[in-house]
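The values are calculated or read from the model by the stated rules, or taken from the named source; none is laboratory data. Everything numeric in this text was worked out from a predicted model, so none of it was measured. Every residue, glycine among them, receives a Cβ derived from its backbone with ideal geometry; neighbour counts consider all protein chains shown.
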Amino acid sequence: MAVATGALRKQQRVEAKAAAKAKRDKVILIGGSVLLVAVLAFELPKVLGGSSSSPPTPAPTVASTPAATAGTPAVAGAPTPAQVARELKTISHLRQKNPFTPQLSTGPAPTSATAPLGKAPAVRASHFKLKDPFKAQLVVPGSSLAATAPLAQPTHAVKPVPTSKPKVVAAAAPYGYIVILRSLDTKAAGLSEVKRAHAAGLTSAGLLFSSKYTTLRHGYWVVYLAKYRTWNAANAGLDEAKAHGYASAYRRPARK
């Protein structure tokens, strides 16, 4: 019974919503129709009576201009046909000329009263005289140059200035060769490695800082074995280092 009552109420609510929607649609339709009728009532007389109520536009009038007569020119200042004909007739009597040829007369030029110049005298190299460019060649009487005594020549011989010869500096010879046992980052580690090498029997082992040498990689404390004068002597030291447990030892030139 309760189920039937709930279903009935649900159906009534659905019907009520549908009726309300239909009523709302009718109201909207009626309002739109009234609005459309009002617009048509306002605009229709203008559309139907617009062509008859508008005043007719007057036809454009063309101002009549007096036609130019044959005897008077149409533009003020323009040449008349008679003047043009006279100008053409005058031009036709002129003689034609080539613009690329000289137009002046090619007859003999007028001679002046002056006589023509004679032949210049021949000049030979023997006619020239060597002169000092620093000595005055012309002396005007009464001028300061005439009263000036000639400069005194030096009596003593001028000694040539000795030129210094460039000194040849020989390239610095290498200090020698070393056998590098290990390269460490700190001095303490390097000293400890030197003690270990002495204990192993390599009494010539020492410690140096690589940044003081141009042939070594900078920034390391190097534990090395002796300083050999030749490459062959360094080979013997390398064999000795490998025999005492330093298998990764290698040779390097030690040059500051």
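Brief remarks on what is shown
- Positions within segment 62-92 being part of a loop (DSSP other than H, G, I, E, B) and either at pLDDT 80 or above or polar (S, T, N, Q) (or both), in sequence order: S64, T65, T69, T72, A78, P79, T80
- Hey, A146 over 60 Å from the mean Cα position of the chain (by Cα), modelled with pLDDT under 70, surrounded by 10 or more Cβ atoms within 10 Å (Cβ to Cβ) and not aromatic (F, W, Y) or not: yes
- Among residues of segment 175-202, those that are assigned to a loop (DSSP other than H, G, I, E, B) and at positive phi, counted: 1
- Some residue of segment 211-224 being assigned to a helix (DSSP H, G or I) and at pLDDT 85 or above: yes
- Long-range neighbours under 8 Å by Cβ, at least six apart or interchain, first residue touching a residue at least 60 places away in the same chain (Cβ under 8 Å) within segment 182-193, second in a strand (DSSP E or B) and of a type in the set (V, I, T): R182/V222; R182/V223
- Some residue of segment 160-174 being closer than 30 Å to K135 by Cα, surrounded by fewer than 17 Cβ atoms within 10 Å (Cβ to Cβ) and at pLDDT below 90: yes
- Matching residues in segment 229-243 - criterion: being farther than 17 Å from S183 by Cα, of a type outside the set (A, V, I, L, M) and surrounded by fewer than 16 Cβ atoms within 10 Å (Cβ to Cβ): R229, T230, W231, N232, N235, D239
- Members of segment 187-228 found to be over 14 Å from K256 (Cβ atoms), surrounded by fewer than 13 Cβ atoms within 10 Å (Cβ to Cβ) and under 51 Å from the mean Cα position of the chain (by Cα), listed by number: R217, G219
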